[in-house]
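S.K.: Structure provided below as structure tokens; questions to follow.
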Amino acid sequence: MANPLYNEQAQNGFMSQFNSFMKNPMDYLVQRKINIPQQFMNDPHGAVEYLLNNGQMSQEQLNSLMKRAQQMGIKF
């Protein structure tokens, strides 16, 4: 299943997408049809687990995003 978040970051540049995400994370995800239940709104680790468990994101996609974020100096 194609992931709209991953596909967009690959096409439009990571920094631009990151800045949009940082302005309003939930709106950013909803606009890209990435639905995260209310219970995970303040739980980033839970949200990522949810995306992985329901097939909205693969482990490979997560690893790629994390690698790029780390290259930008973002720590987890």
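S.K.: What does the convex hull of the Cα atoms of segment 10-76 come to per residue, in Å³, rounded to a whole number?
M.R.: 99
S.K.: Remind me, relative contact order of segment 4-71 in percent, using alpha carbon pairs under 8 angstrom and six or more residues apart?
M.R.: Answer for segment 4-71 is 28 percent.
S.K.: What ³J(HN,Hα) values, in whole Hz, does the Karplus curve 6.51 cos²θ - 1.76 cosθ + 1.60 give for segment 55-61 when θ = phi - 60°, with x put for Gly and Pro?
M.R.: x, 7, 8, 8, 4, 4, 5
Throughout, read-outs are computed from the coordinates displayed, never taken from laboratory work. Keep in mind that this is a model prediction, so the values were computed, not measured.
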